[in-house]
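Read through the structure below, which is laid out as structure tokens, and then see the notes.
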Amino acid sequence: MMTLIVPIAANNPEYAHKLPQPFRLDDEGTMFCVKAITGLPKDVIRDIYFVILREHDERFMVGEQLAMQFRRHHLANAHVTVLDQPTQSQAETIARAIELNKIEGVVFIKDADCYFTTDEILPQNGVAIYPLENLPIVDPQHKSYVAVDDMFYVTNIIEKRVVSHFFSAGGYCFEDAQEFCCYYERLKDYSPLYLSHIIYTMLLDKKIFRPIQIDGYQDWAVTHVNQ
Amino acid sequence: MKLDIQGHSGCDITIVTEDNELHIHKSTHDAGYVPRLVNQANKQIAASKTEYQHIRVPKIFEVVQTPTDATIKMEYIYSKNFVEYFESAGFEQIKYLIGAIKYFIDLEINHSTLQTVPSSILTDKMADVARKVEKNVHLKDDAEAQELVRRSSDVMNGVGDMVMPVGTCHGDLTFSNILFNGNNYYLIDFLDSFIESPLLDIVKIRQDTAYLWSTLMYHKPFDKVRLSIISEKIDTAIDEYFTEKYDWYRRYYMPLQLMNFLRILQYGHDDKVIAYLKRVIAGQLAILNNSKNA
């Protein structure tokens, strides 16, 4: 079993008057950040934490709206974690969520601005990958890329440089939440810090990451930054 | 075909097609620089006769010398610079590079002999640095720089005679003097060193891995976080490896790294670089002071 974290704590000047994209509704009335997790296998997920900013909660009442979404989608194990201050990076948002909720063991991080399906998530370090050629329209500058060797191990992950036809599809599995926090602590003074930097540092330390193959990738907001 | 490109040393660098092959012509028209360039070529020729596994040295085909000019004609290497390489290198490539650096320096150590380097080498060099800092228009009125030099002189006076391997070294083994071609690494721009010791090569490579010196000279956009992560990884691996193996490394690395940065400071002319150098030197003095008091 694992814990699912959906970080949505980025602050952006435009959010002063505009609802952040992950909190908007699709045509069926489902919040995009909730829809973002519906393609994941439910049987391996113990708890789900949506991590939001107090500022967004007070301005747009997203906490209450999320609670309604949880009822509608029968997500009894979903919770909202409210951060008082914006974070500097997605990694910080995740570390704060782990710390506040005393999360242990395997964590799966799911970006709120995209969707994919996968049948299985193994309790091991991994990165969801998707081939570029399967996308009808590509904005290569807003993605990180994942190199995989012949034995299907991740050997490299790079921001915004096309070193592989696989890009990182916005799903990351860490087999030990506390280990993730240790790496975050080690790298937290770097800016801008991306999850790809943390994963690359772990690769350099001989931690093994496997690619997670996914289907049906949808990118909802290439221009939005979601922490 | 001739293509002129920018070099680091002030020499003219030209890419020339001869017999359907690309060659590099490195030349100087400064009579004062001619002996230095010729020595560089001789050192590179000597190094190219040794097999270093993945570390290689471009072949020199000809050295043309007159009293006022010199030209080195050498092999052209299709390669990436260190930033381009690190921007795309997977973890295995970084592992190979660490292994190659250790292997290269160990081979240099095997080709050297343990010798006593008299304390005067260091104190004379320190006196020379102090004179140059005193004359440097960008530093002579800089009280902080003068104080750092004074404190550094005290450190150098306390080092004494040093026993270390002497015989072989590249002389300027920074990342900017390594060309990256797959898992092969080509060394260029050999230099005479004030102590011909492999320890000075460790000092120079750690000038980049520990202090990110070459990135300061790199002006195109790049992922600074990724490069810092890689540099730290290489630095830790090198430091742990040589700390465990050699007493002379544990004893003399830090004073020689301090001297290395003082020798850069003495020619400082850019405010940003001088501020960086003063920060580094102050940090090194603090480490040396702490280890003395420990």
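Tabulated values for the structure
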item	result
Qualifying residues in the stretch B:69-88 (those that are among the acidic types (D, E) and in a helix (DSSP H, G or I)) - the one nearest to the other protein chains (Cβ to nearest Cβ)	B:E87
Residue in the stretch A:154-164 that is touching a Gly at 6+ places or on another chain (Cβ under 6 Å), without any contact (Cβ under 8 Å) to a residue 40 or more places away in the chain, farther than 19 Å from A:Y49 by Cβ and not acidic (D, E) present	no
Which listed residue is in contact with a strand residue (DSSP E or B) (Cβ under 7 Å, 6 or more places away or on another chain) and charged (D, E, K, R), from B:D235, B:D271, B:D223, B:D247	B:D223
Residue selected from the stretch A:124-164 under the condition among the small types (G, A, S) and within 16 Å of A:I199 (Cα to Cα), by the criterion nearest to the other protein chains (Cβ to nearest Cβ)	A:A147
Any hit, the stretch B:190-201, residues being away from every other protein chain (no Cβ under 14 Å), modelled with pLDDT of 95 or more and in contact with an Asp or Glu (Cβ under 6 Å, 6 or more places away or on another chain)	yes
Where B:Q257 falls short, out of the listed (1) assigned to a loop (DSSP other than H, G, I, E, B); (2) free of Cβ contacts under 8 Å to residues at least 60 places away in the same chain	(1)
Some residue of the stretch A:165-179 being within 14 Å of chain B (Cβ to nearest Cβ), surrounded by fewer than 17 Cβ atoms within 10 Å (Cβ to Cβ) and more than 27 Å from A:I98 (Cβ to Cβ)	no
Scan of the stretch B:267-290 for residues that are touching a Leu at 6+ places or on another chain (Cβ under 8 Å) and of a type outside the set (K, R), ordered by number	B:G268, B:V273, B:I274, B:Y276, B:L277, B:I281, B:A282, B:Q284, B:L285, B:L288
Qualifying positions in the stretch B:164-194 - of a type in the set (A, V, I, L, M) and either touching a Phe, Trp or Tyr at 6+ places or on another chain (Cβ under 6 Å) or within 17 Å of B:Q44 (Cα to Cα) (or both)	B:M164, B:L173, B:I178, B:L179, B:L187, B:I188, B:L191
Matching strands (runs of 3 or more DSSP E) fully within the stretch A:125-215 where at least 1 residues are of a type in the set (V, I, T) and under 18 Å from the mean Cα position of the chain (by Cα)	A:126-131, A:144-148, A:154-159, A:210-213
Residues of the stretch B:209-231 classified as in a helix (DSSP H, G or I) and either crowded, with 22+ Cβ neighbours inside 10 Å or touching a Leu at 6+ places or on another chain (Cβ under 9 Å) (or both), total	11
Members of the stretch B:245-277 that are in contact with a Ser or Thr (Cβ under 9 Å, 6 or more places away or on another chain) and within 13 Å of B:L139 (Cα to Cα)	B:L262
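The values are calculated or read from the model by the stated rules, or taken from the named source; none is laboratory data. These numbers come from a predicted model, not from an experiment. We place every Cβ from the backbone using ideal geometry, glycine too, and count neighbours over all the protein chains shown.
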